[in-house]
Each structure stands twice: as C-alpha cells, then as structure tokens.
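Beneath this line is the structure, given in structure tokens, with notes to follow.
The values are calculated or read from the model by the stated rules, or taken from the named source; none is laboratory data. Predicted model, so just to flag it, every value in this text is computed and none were measured. Reconstructed Cβ throughout: ideal geometry from the backbone, glycine too, with neighbour counts over all protein chains shown.
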Amino acid sequence: MKQNKTGQPMDEAVIQTDHLARRFGHFIAVRDVTMSIPRGAIFGLLGPNGSGKSTLIRMLCGVLRPSGGSGRVLGVDVSADPEAIKRRIGYMSQKFSLYSDLTVRENLEFYARIYGLDRQRRAQRQEAVATWTGISQYMDRPAAQLSGGWKQRLALACSLVHEPEVLFLDEPTAGIDPVARRDLWDLLFDLSHRGVTMMVSTHYMDEAERCTHIGYIYMSRMIALGRPDQLKADPAITPEGTRRWEFVCTQPAAALARARALPVIRDATMFGDRLHLLADKAVSPEELVAQLAATDPAAAARQIPPTLEDVFVLLSRKQSSNLQETEKAA
Amino acid sequence: MKGFWAILIKEFAHIRRDRTTIIFAILVPAVQLTIFGYAANVTIENIPMVVMDLDGRQQSRELIQSMGNTRTFRIVDRVVSAEAFRRALTSGRAKVGLLIPPNYSERLLRREQARIQVLVDGSDSQVAQTAVNTVGLLTATMSIGKAQVAAELAQFAAARDEHGAQAMAVESRTRLLYNPNLLDAYFFVPGLIAIVLQVVLAFLTSFSIVKERETGTLEQLFVTPVSPRGLLLGKLTPYVLLATIEMVIILALMVGLFGVPIQGSLMLLFPLGGLFIFTVLGLGLLISTLARTQLQAMQISLLFMLPSVLLSGFVFPRSEMPWPLYAVGGILPVTYFLQILRGIVLRSADAMDLLPNIIGLAICCVAILTLSLSRFRKQLD
C-alpha cells in the first residue's frame, strides 16, 4: 500500500489496457477497451446488465484470457503472467463468497493461508483487517449468522488480508441497505487514501458520483471514460445554445408526452417523479410551465447541471442510434 | 500444490462443523451394512401351505407331517371343501396347496402308484422353484424308502455298502468350500463394502465441490493464487482419509457382527481398496463436473448407483445377463472390486488369481481419473 513498495511513482498507471477484447464464440463481450487508471483511484465501472463489466474485471484479475489487445495490472501483462497478478490483487464479488459454515476467524484464516502468509504475518494481518472493518467483535460467529452488511465487511476483510495493491469489486453493494452501503464506501475511501487502487462495478448513480474516475460500458464498448465532472462538462451532453431544467409537476407523465412533442425541447427524460429537460437557451422557465402544465399550480422549472445519469442516458441513446445507422449503411 | 494446506485445513473445518457429513460417512455405512446384511437373507423357509386331506389315515398324516418337517413349508390351514382350498390360494394365504385323494393309503398298501396333487403359486418364481424342488425331493426320498423295503423283502439290492447294507447305487460326497454353512452373509457382506464405499464417497466428494460452485466460493478461489492441483488434492485428501476409516469399520463389522472371517491377505486387500477409493473419488469429481447444483449431483450419483448394485454381480450373477447388460457391468469399477473382495475375503485368493480383476479396476481408475480431471481443468478456463 505504500507508494514506494514497487519502486514506482504515485502517478503511474496501475491498470492499463490497450484495445482489450474478449469474445465467446460469436458473441463479443468486451470490445476494444483502452484505458488507464492511476494509483489510488476509485474507478467506477458502470453499464447495463450484460454489457461486459464482469468480463472486463475477470480479464484484469487474470481469470479470463483476453482474445484481443492487451492489459497490464501493476505492470504485469494479464495474458503473460496471470498468477503474478493474482498474488497482488484482491477481489470481492457480488455474491458474498464466504464459507457460511465457518466462523469469521476461520474465513479470514483461510484466505490468509491461501495467499501463503506465514503464521506471524497471518495473525498480524487478520487482526489488522478485522479491526479496520470493525468485525473483530464477531470473530467466533459463523458467517451465516452475520447480517448482509457485516457479511460484506467480512468479504472485504478477506479480500484485503494479503494487502493487495489493487482491489476489484464486482457490484459489492448489490442488495444491501443504504446505511451499510455508506459504511462500505467510507472504508473504500480510506483504502484509496492508503494508495490502494480500486475498480468498482455498480448500478447506483450516487456511488458513481463518489468515484474519482468513471467508465461507462454499453453494448461491450467503453463509450465514456473520465472524471465525473469532465463527463458532465462534455459539450455533447449539453450542446451550445441549450440549457438543462428540472421540471416538477403533479402529472409528470402527461407533461413528458407534451415535452416530447415540442420542437424547442431537445430531450426529455423522467427521473423519479420529475422530468429532466434539455431545452433551447431562448426558452424561459415560465414558458416551460405554460407549455407543459399550464393549469398545475405546483408546476415549476429549475435550471440544473447535468447529472451522471443524464450523461449515461444520452450516450447510450447516441450509441444505439449510431449502431443502427452503421447497420443500415452496411 | 499452492494452497493445498489452506484448502485441506478448511475442508476439515467443514467436516468437523457439519455433523451430517460425519454421520453420512461413518454411521450410515455401518447401518446400511447391518440392514443389508440381515435383510439379504435369501434362504426361503416357511412357505405357507394349505392341505386338503381326503384320505385322513396314517399314511396321509405321515406325508403331511414330513411336509411340515422340511421347514420349507408351514401348514397354515387344513380344509375339507374344494371351494375353501381354492380360496386359500387365490387369497394368497397359502402359496402351496396339497391335495391328497381319498384312495391314497389304499393304493400305497396295494403297491399301486399313489398320486397327490401339489398346486404352487408361481408368481414369486424363487418361492415357487423352492416349493417344487422340495416336494420333488420329499416324494423321491419316500419312494426310494419304499423301494428299499420292497427290495429287502425280495432279497435284492441295486447296491450295497461295505457293511452289506442296502445303499444308493451312486453316492456323491459334496464338500462346501469357502462358505461351509452356506450363510448368505458370506456372499453379500463383502460385496456390500464395495457398494457402500462407492455410494458414500461419490456423494460426499461431488457434494463438496458442487457446493463451492453453487455458493460462488469456487469462483473466488480462482482469483487467488491457489493452483488447480492444490485445490483438488486439498479437497479430496480428507475424503481419502474418511474412506479408509470407513473401510476399516466395515471390515471390522463384517468379521465381528456377521462372523465372516478374512481368509486372505490384508496386505493385498488394503492397497486394492486404496485403488478403488481413488477410482470412486474420480467418479465423485466426474459427477461434480456434470452437476450444477447439489440436487443434480445427488440425482447423477443415484444414476451411477443403480447399475452398480444391479449389474455388478452384487445381487444377480453376471454370467446370466444378456450381453448388453453384461457389457455395462464391465465398465463399472465396482464389478472388479466386488470380485477382488470376495476373492480375498472368502477364498484367500492372491494377486495372481485376481489379476484380470486388478487390471480391470486399474483401467477403470485411470480412465475415470483422466476424464474427470480433464473436464475439471476445462471448467477452470
């Protein structure tokens, strides 16, 4: 976790891929991914189910061989020496892969042994990760009897027992309560400060906002890559001469239908009980209310910056229309 | 071998924690052995018999009594009407009906041939066969006795023994080898060791691997530096140990409880037992590569178990089987180990006697292990 452990500087790229690809028969799961993640980053990997997130993570963990391009983790080529990578990374999957009949202590001990830690170091590391995650109070409890949040902390502790420099988390917060999610993220931030590089796949936008870097995979392609603020500032998201609005009213579905019919509104999307609109700069908030929900006293429009969700929705839509055009051309 | 010790220690922790594994591995085989050993008693005795005696004099009473004395038959009813006689058979109360005609005694006294009628319920072929044989033997013995008396009166004998007494013209002296008291336990119990070992071990090993796949821990292990060899050996070694203990327990029960002594060499029995254990572990591994869930693993195990019991020669002699079934029996490792067990335990056979079976078992072992290991490796990629 220390910066000079490998003798490499802090700003080196810990994960680097170059046109990385993987196909299963005729199906291409990951296509042409080129990216670079610096040390200490929390890289959020987003995308719909089946878009290729898990395949990408599994290739970088050295479990799945790439079928094209190259990938390097901690300077080691994933196809050349996957075993060297496995010793230096940690992995925590969406299913809590613990032995439920074993106690917390036995689970930790098992993973410490698997990574070949000697007796003294095992004791020391178990103590360290147990204290850090706060699970030391449950050491002799079978993993099956822990709550979802604690199971997940144990899984995190197990994946860190050998002090990995990189940690892969495949949807670590799927299906746990908001408080436990927040606690987990606090731990991840702490890890990031200690110099651990993380790649986290998630479906939660609030988690994405917390990441230092973001990649968005759509239909096997990485279609957005960068820091969250960079992505939001992309001119493709809010084109020249337009403004973004949040529109509140009592009947958002009806308003959405009207908005889509108006030529001055370039884009309209439902976000929970409200609408996000992309409208020509000339349109005023009063005009929006008059056009969309004239008789509704609760109707109001507020100018907002784009959210990550806006970014992803827009990019996905653009990508699919691009694909359809190329298909038509072909 | 990386990760071998970690997996081994963890696997023992699972076994220690999970009482059902220990019960399944140690207690169940012992109980199975006891139940099978006692239930597999195939000597047929006490076949219920109904008698309709229309003669009712001393000669016919003697006949009925000697029927009862065979212990093959038990007289359950004596009837006087044809209707009651028929009822006893159709209702299943009696499996055999003995009808003695009114003139039975007279004909015997007049030295005419006397006839009795024996009706046998043929639905259970083994019971029927036994009944037919016993009645045939009994009447033949009675006839010879009467013939001898007649011959004695006529100062004539077909054959005499060294003391000058009448004797059978041809006497066969039979000696029963290996199982002098014709106990069924001698035949069934050694074979049962093979069956029980296979059932328990194939179940346990396939379960322990499929469970890790089902819960996702196997996927987690692939991300660690554990090698495929370390993973597999670490998972299977505890079961080799368990199987060895199990085999010793069953052998002890066989000698102690069923009184079947081990005539042959333990030094030969244990190495060959080891070979069989490895084969069965390979079978468990093969099942684990075919099954996605523990339920499927159980179903596939059962699929292997059925032919192992029916076609291996454990119950039915293989020499009587039509060739397709005979061939299926030939690819089962239990077929060979069964012969090895019976050979060593009962006949004190040595390695030379058992060579064809040892070679058969060795081929099964290599084939199953190769197939299962290659399938297992493929699934890792």
Legend entry - Count of residues meeting criterion [modelled with pLDDT under 90 and among the charged types (D, E, K, R)] in the stretch A:84-99: 1
Inset, instruction - Might you let me know whether the stretch A:104-111 holds any residue that is of a type in the set (D, E, K, R), under 29 Å from A:Arg39 (Cβ atoms) and either in a strand (DSSP E or B) or at the interface with another protein chain (Cβ under 8 Å from one of its Cβ atoms) (or both)? - result: no
Legend entry - Residues of the stretch A:73-97 satisfying the condition of being within 7 Å of chain B (Cβ to nearest Cβ) and in contact with a helix residue (DSSP H, G or I) (Cβ under 9 Å, 6 or more places away or on another chain): A:Lys86, A:Tyr91, A:Ser93, A:Lys95, A:Ser97
Inset, instruction - Sort out for me the strands (runs of 3 or more DSSP E) sitting completely within the stretch A:8-79 that have 2 or more residues that are hydrophobic (A, V, I, L, M, F, W, C) and closer than 27 Å to B:Lys378 by Cβ. - result: A:13-24, A:27-38
Inset, instruction - Filter the stretch A:44-72 down to residues that are away from chain B (no Cβ under 13 Å) and basic (Lys, Arg) and give me whichever is surrounded by the fewest Cβ atoms within 10 Å (Cβ to Cβ). - result: A:Arg72
Legend entry - Within the stretch B:43-63, considering residues that are under 22 Å from B:Ala82 (Cβ atoms) and acidic (Asp, Glu), the one nearest to the chain's Cα centre (by Cα): B:Asp53
Legend entry - the stretch B:37-58 - residue that is surrounded by fewer than 17 Cβ atoms within 10 Å (Cβ to Cβ) and in a helix (DSSP H, G or I) and, of those, farthest from the other protein chains (Cβ to nearest Cβ): B:Gln58
Legend entry - Search result, residues across the stretch B:308-354 that are of a type in the set (Phe, Trp, Tyr) and surrounded by fewer than 20 Cβ atoms within 10 Å (Cβ to Cβ): B:Phe316, B:Trp323, B:Tyr326
Inset, instruction - State whether one or more residues within the stretch B:332-342 are in contact with a Leu (Cβ under 8 Å, 6 or more places away or on another chain) and in a loop (DSSP other than H, G, I, E, B). - result: yes
Inset, instruction - Please work out if A:Arg31 is of a type in the set (D, E, K, R), in contact with a strand residue (DSSP E or B) (Cβ under 7 Å, 6 or more places away or on another chain) and either within 14 Å of chain B (Cβ to nearest Cβ) or under 26 Å from A:Phe189 (Cβ atoms) (or both). - result: no
Legend entry - Filter pass, B:Glu152 being assigned to a loop (DSSP other than H, G, I, E, B) and either of a type in the set (Phe, Trp, Tyr) or in the same structural domain as B:Tyr104 (by TED's automatic domain parsing) (or both): no
Inset, instruction - Please list, ordered by first then second residue, the pairs with beta carbon atoms under 6 Å, 6 or more apart or interchain, first in the stretch A:120-140 and in contact (Cβ under 8 Å) with a residue 12 or more places away in the chain, second among the charged types (D, E, K, R). - result: A:Thr133/A:Arg153; A:Ile135/A:Arg153; A:Met139/A:Arg105
Inset, instruction - Return only the number of the condition from (1) farther than 18 Å from B:Ile195 by Cα; (2) touching a Ser or Thr at 6+ places or on another chain (Cβ under 8 Å) that B:Leu285 does not satisfy. - result: (1)
Inset, instruction - Those residues that are basic (Lys, Arg) and within 30 Å of B:Gly216 (Cβ to Cβ), I need them from the stretch B:268-323; list them, please. - result: B:Arg292
Legend entry - Out of B:Ile245, B:Ile209, sole residue that is in a helix (DSSP H, G or I), closer than 30 Å to A:Ser54 by Cβ and modelled with pLDDT of 80 or more: B:Ile209
Inset, instruction - Give just the number: which of (1) in a loop (DSSP other than H, G, I, E, B); (2) free of Cβ contacts under 8 Å to residues at least 24 places away in the same chain does A:Glu325 not satisfy? - result: (1)
Inset, instruction - Can you work out which of the residues in the stretch B:87-105 that are within 33 Å of the chain's Cα centre (by Cα) and among the charged types (D, E, K, R) is farthest from B:Thr72 (Cα to Cα)? - result: B:Arg93
Inset, instruction - Of all residues in the stretch B:202-237, count the ones that are more than 9 Å from chain A (Cβ to nearest Cβ) and closer than 21 Å to A:Ala144 by Cβ. - result: 9
Inset, instruction - Restrict the check to the stretch A:243-250 and report whether at least one residue is surrounded by 15 or more Cβ atoms within 10 Å (Cβ to Cβ) and under 30 Å from A:Gly40 (Cα atoms). - result: no
Legend entry - Single residue of the stretch A:141-191 satisfying the filter (of a type in the set (Ser, Thr, Tyr) and either out of contact with any Lys or Arg (no Cβ under 8 Å at 6 or more places or on another chain) or in a helix (DSSP H, G or I) (or both)) that is surrounded by the fewest Cβ atoms within 10 Å (Cβ to Cβ): A:Ser147
Inset, instruction - Working carefully through the options B:Ile26, B:Ile22, find the one that is within 14 Å of another protein chain (Cβ to nearest Cβ) and closer than 30 Å to B:Lys211 by Cβ. - result: B:Ile22
Inset, instruction - Quick one: which residue in B:Arg93, B:Arg107, B:Arg111 is loosely packed, with under 15 Cβ neighbours inside 10 Å and under 22 Å from B:Ile144 (Cβ atoms)? - result: B:Arg111
Inset, instruction - Select from the stretch A:144-201 the residues that are in contact with an Asp or Glu (Cβ under 8 Å, 6 or more places away or on another chain) and of a type in the set (D, E, K, R) and write down the one among them that is farthest from the other protein chains (Cβ to nearest Cβ). - result: A:Arg181
Legend entry - Given (1) within 14 Å of another protein chain (Cβ to nearest Cβ); (2) modelled with pLDDT of 90 or more; (3) in a loop (DSSP other than H, G, I, E, B), number of the condition B:Arg93 does not satisfy: (1)
Inset, instruction - Please give the number of the condition B:Ala297 fails out of (1) surrounded by 21 or more Cβ atoms within 10 Å (Cβ to Cβ); (2) assigned to a helix (DSSP H, G or I); (3) of a type in the set (A, V, I, L, M); (4) within 14 Å of chain A (Cβ to nearest Cβ). - result: (4)
Inset, instruction - Starting from the stretch B:113-126, keep only residues that are under 19 Å from B:Arg61 (Cα atoms), then list their pairs with residues that are of a type in the set (Phe, Trp, Tyr) whose Cβ atoms are within a distance under 7 Å, requiring at least 6 positions of separation or different chains. - result: B:Ala114/B:Tyr104; B:Ile116/B:Tyr104
Inset, instruction - Would you check if B:Leu33 is exposed (fewer than 15 other Cβ atoms within 10 Å of the Cβ) and either over 30 Å from B:Tyr104 (Cβ atoms) or modelled with pLDDT under 90 (or both)? - result: no
